[in-house]
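Reviewing the structure listed below.
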Amino acid sequence: MIAGFAAASVVLTLAGGPAGQPTAGAPLDDRPRRRGSGVAMLWTGGVLTGLGAVGRIAIEGFWVDRADLDADEPFGRWSIPHIAFFTSFQNVLVAPGLPLLGVGALRFGRYRVRAGRLVRSDRRVRRNTVVGATLLGTGLGLWAVTRAVAIPVLRACETNGCAYGYLESTYWISLATAVPGAVLLGLGRGEARPGGRATTATIGPLAVPRGHGLAVTGRF
Amino acid sequence: MRRSSLLALLVAGCAPNVPASLGEEPEDRVALRDAPQLEHLATALDVDAGHTVEDMLRAWASPHAAPDPSAWFDARESAHAGLEPLAGGTPLRVLTYNVGLLDRWYPFFVVKSPHVDERREHAADEILAGGWDLILLQEVWEWADVERFEDAAAEHGYRIHAGTRDVHEHHGLVTLVREGLVEDGTSDHDEVTFEIQRAVEDFPGPAIERAYLTWSFVLAGTDVELHLLNVHATAFPEFPRIRAFQARELGLAARDAPDDAIVLVGGDLNAGPYYRDDAFGEIDGETVSGWWRNAIAHPLLQYYGDLDDMVVLAGQAQDVTLPGALPPFDGDDYRKEAFGDSSLCELLGGTFTATDCNSLYFEQYAGTEFPHRIDHLMVRDPMQRLRVLETALAFEERLDFGGYGWFELSDHYGVSATIEIE
C-alpha cells in the first residue's frame with residue numbers, strides 16, 4: 001500500500017528581487033517592494049514545520065494514550081517499520097518546511113539590507129553564519145546519524161522507554177537545533193550577499209513506478 | 001542549474017496470491033470426487049467428475065449449497081472406532097488454545113483484545129497448571145508474554161519452543177512439551193511463514209504474518225517419532241482462499257513426515273468444517289456472506305496432510321447438527337445477547353470454539369460471525385499407532401479477575417484431546 005499523502009500539492013515559485021549592490025545603511029528604494037522579501041516563504045516553512053511538530057506530538061499522544069505504551073514494557077521489534085512509516089507522515093511536512101525556512105530567511109536577510117531596514121554588519125553576518133551552520137549541521141547530522149543507526153539501537157532496546165526515548169529525544173533535539181540553525185544561516189548568508197541571484201523553490205508531487213512522494217526542488 | 005530534491009518515498013511490495021507450486025504436487029491433480037475428504041465440496045460446488053483440486057483453487061467458485069462433511073466424518077469415526085485398542089499405550093493430553101493476547105498498534109489504529117492486560121498476567125500459570133502434555137498456543141504475540149510462558153514452563157516442567165524473537169513477534173505461536181517426553185538428542189525445531197499471506201496484516205497493519213511452528217522428537221521410552229505442527233491461519237471470513245492455500249501448504253508439510261511417524265497438527269485454522277448459512281452476520285449494516293467457502297480449508301488440510309480431525313475420530317463432532325438450533329440471523333437480536341437468546345449457549349455449547357457465548361468474543365464480534373469450530377487438533381498416523389480417547393473444549397469457564405470482573409481466559413475456547421500412543 002502506498003500512502004496517499006501526495007494527493008494535494010503546493011507549488012511555490014518565488015523570484016529574486018533586484019540585484020543591486022546596496023551600501024550599508026543606504027536604502028535602495030524609499031518604498032521597497034515586499035515581493036521577494038522571503039516573508040511568504042518563511043511563513044510557509046514555519047507553518048509546515050509547525051504542523052510537522054504538532055503532528056509528531058499527536059503521534060506521541062497516540063502512542064501514550066491509544067496504544068497505551070508503557071515505558072517499562074518490553075519494546076516490540078515488530079514495530080520498527082511501523083514507527084518509520086508513521087513518523088514519515090509528519091516528516092513529509094518538516095522536510096520541505098525546513099529548507100523553506102532557510103531560503104525564506106536568506107531572502108529576508110537580503111531584503112532587509114536592500115530595503116535599508118538593516119545595516120549590514122560583517123560581525124553579525126559571521127556570527128549568524130557560523131552559529132546557524134553549526135546548529136543546522138548539528139541538527140541534521142544528529143538526525144541523520146541517529147536514524148542511520150536506529151535499527152541496531154532499537155533492536156538492542158529492551159523497553160519502550162529505551163526505544164521511544166531514543167527516537168523522540170533525538171528527534172526533538174534535532175528539530176530544535178536545525179530550525180533556528182536554518183533560519184540563522186539563511187539570515188547570515190542573505191545579509192552577506194544582499195544582491196544574490198534569484199532563488200526558486202517548488203514543492204510538488206512525485207510519482208515513480210512503485211510509489212508516490214513529495215519533492216522539494218529548487219535553485220537556492 | 002543546481003537542483004536539490006528531498007524525497008519522501010514509500011513503497012510496499014506485492015505478495016503473490018497463488019502458490020508458485022500449485023499444480024506441481026500430485027495431490028493438486030486429483031479430482032475432487034476421487035478424494036473422500038473433498039467429495040462433499042465437489043457436490044456443493046456442483047462440478048464434474050474431472051474437476052481437480054487445482055481447478056477448484058484456481059477458479060475459486062462459490063458453493064451452491066452448504067458443504068456437508070457428515071458422510072466423511074461418519075466414515076472416519078467408524079474406521080477409528082473399529083481399530084483394536086492399544087495394549088500398554090502411552091496416554092497423552094493435548095491442548096490447542098488461541099489465548100488471544102493481541103495488543104498492537106499500527107498507524108492511526110489500535111487492535112487490542114478485551115482485558116488483555118489482566119489476562120496475560122494469569123494465562124501462563126492457568127494453562128500450564130492444567131496437566132497437559134503437549135500444548136499448542138496461538139496469539140502469544142509479544143515477546144514479553146513468551147517470557148512469561150518461559151518462566152511458567154520452567155516452574156511447571158515444560159520445554160518451550162516459540163521460534164526466534166524476530167519471527168515470533170509476527171506469528172505469535174508457542175509450543176510446549178512436558179519435560180521427560182522428549183528423548184534426549186532427538187529434538188528438532190523450525191518455524192515457517194506461509195507463502196500466501198494477507199500482506200496488509202503485516203504492514204502497515206499490526207505486523208502479523210501467518211505461520212506454523214514445527215517440533216519433532218522421539219517420544220521418550222518409545223520408538224515413536226512425534227511431529228508437532230502448531231498453526232495460526234489468516235483470520236476473517238473474507239479471506240477463505242488465503243486460508244485454503246495455507247491449509248494446502250501446511251498439509252503438504254504434514255505429509256512430508258515419515259510414514260512411521262505420528263504427526264499432530266493443532267491450531268487456529270480460522271475455518272470450520274460446516275456452515276449452515278452462506279450469509280450470516282452483519283458488519284456496519286452489511287451482511288457477511290461467503291461462509292460456505294470458509295468450509296473449504298478444513299477438509300483441504302485433511303486432504304493434503306492425510307490428516308484426521310481428532311474431534312471426528314472421538315465421535316464428538318456436532319458441527320452439522322448443532323446449528324439446526326440456531327435462530328435465523330437477526331442483527332438487532334444477535335447484538336443484544338448471544339444468538340439473540342443466550343440460554344441457547346447451553347444447547348449450542350461443547351463444540352464451537354469461536355462463539356458469541358464467550359463474553360470476550362461477544363464483546364468484539366457480536367452478531368458478525370457464524371458460530372464455528374475453528375480451533376482444531378488433527379493427526380496423521382499411517383501406521384495406526386494412535387487412538388483418540390476423547391476430546392473436549394477447554395477453558396470455557398469464566399474466571400474471577402478480581403476488580404476487573406469475571407470473564408474467560410481468552411476469546412476462544414481451547415480444544416483438548418486425550419490420546420494414546422503405542
Conditions: (1) over 16 Å from A:W172 (Cα atoms); (2) within 10 Å of chain B (Cβ to nearest Cβ); (3) open to solvent by less than 20 Å² (accessible area, probe 1.4 Å). A:I83 meets all but one. Number of the miss?
(1)
In region A:185-201, residues that are modelled with pLDDT of 65 or more and open to solvent by less than 50 Å² (accessible area, probe 1.4 Å) total 10
Please verify whether A:V131 is over 30 Å from B:F109 (Cβ atoms), more than 14 Å from chain B (Cβ to nearest Cβ) and touching a Leu at 6+ places or on another chain (Cβ under 6 Å), treating the condition exactly as stated.
yes
Residues located in region B:88-123, provided they are open to solvent by less than 10 Å² (accessible area, probe 1.4 Å) and away from chain A (no Cβ under 14 Å):
B:L92, B:V94, B:L95, B:T96, B:Y97, B:N98, B:V99, B:G100, B:R119, B:A123
Looking for something at pLDDT 95 or above, away from every other protein chain (no Cβ under 14 Å) and assigned to a strand (DSSP E or B) - is there at least one such residue anywhere in region B:125-134?
yes
Identify the residue in region B:135-158 that is in contact (Cβ under 8 Å) with a residue 24 or more places away in the chain and in contact with a Gly (Cβ under 8 Å, 6 or more places away or on another chain) and, among all such residues, is farthest from B:W105 (Cα to Cα).
B:L136
Does B:A199 satisfy the criteria of being aliphatic (A, V, I, L, M), surrounded by fewer than 21 Cβ atoms within 10 Å (Cβ to Cβ), in contact (Cβ under 8 Å) with a residue 24 or more places away in the chain and over 30 Å from B:W292 (Cβ atoms)?
no
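Within region B:170-192, can one find any residue that is within 13 Å of chain A (Cβ to nearest Cβ), within 30 Å of B:N17 (Cβ to Cβ), open to solvent by less than 20 Å² (accessible area, probe 1.4 Å) and not in a strand (DSSP E or B)?
yes
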Among B:R148, B:R159, B:R119, which is part of a strand (DSSP E or B) and of a type in the set (K, R)?
B:R159
Please pick out the residue among A:G16, A:G50 that is modelled with pLDDT of 95 or more and open to solvent by 20 Å² or more (accessible area, probe 1.4 Å).
A:G50
Note on A:V64: of the conditions (1) facing chain B (nearest Cβ under 7 Å); (2) among the β-branched types (V, I, T); (3) within 30 Å of B:E121 (Cα to Cα), unmet is (1)
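Restricting attention to region B:342-355, which residues are outside any helix (DSSP H, G or I) and either touching a Pro at 6+ places or on another chain (Cβ under 7 Å) or touching a residue at least 24 places away in the same chain (Cβ under 8 Å) (or both)?
B:G349, B:G350, B:T351, B:F352, B:T353, B:A354, B:T355
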Among (1) crowded, with 19+ Cβ neighbours inside 10 Å; (2) more than 10 Å from chain B (Cβ to nearest Cβ); (3) not in a helix (DSSP H, G or I), the one test that A:D72 misses
(1)
Matching residues, region A:86-97, being open to solvent by 30 Å² or more (accessible area, probe 1.4 Å), facing chain B (nearest Cβ under 9 Å) and either touching a Lys or Arg at 6+ places or on another chain (Cβ under 8 Å) or of a type in the set (A, V, I, L, M) (or both):
A:A95
Taking region B:135-152 as the region of interest, how many residues are more than 11 Å from chain A (Cβ to nearest Cβ) and either surrounded by 23 or more Cβ atoms within 10 Å (Cβ to Cβ) or within 23 Å of the chain's Cα centre (by Cα) (or both)?
8
Return the residue satisfying two criteria in turn: it lies in region B:361-392 and is among the aliphatic types (A, V, I, L, M) and open to solvent by less than 30 Å² (accessible area, probe 1.4 Å), and of such residues it is farthest from B:P328 (Cα to Cα).
B:L386
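The values are calculated or read from the model by the stated rules, or taken from the named source; none is laboratory data. Computed from a prediction, not measured in an experiment: that's the story for all the values here. Here Cβ is always computed from backbone atoms with ideal geometry, including for glycine, and neighbour counts include all displayed protein chains. Remember, those area values only see protein heavy atoms, side chains included, never the ligands or the DNA or RNA. Shrake-Rupley method; radii C 1.70, N 1.55, O 1.52, S 1.80 Å.
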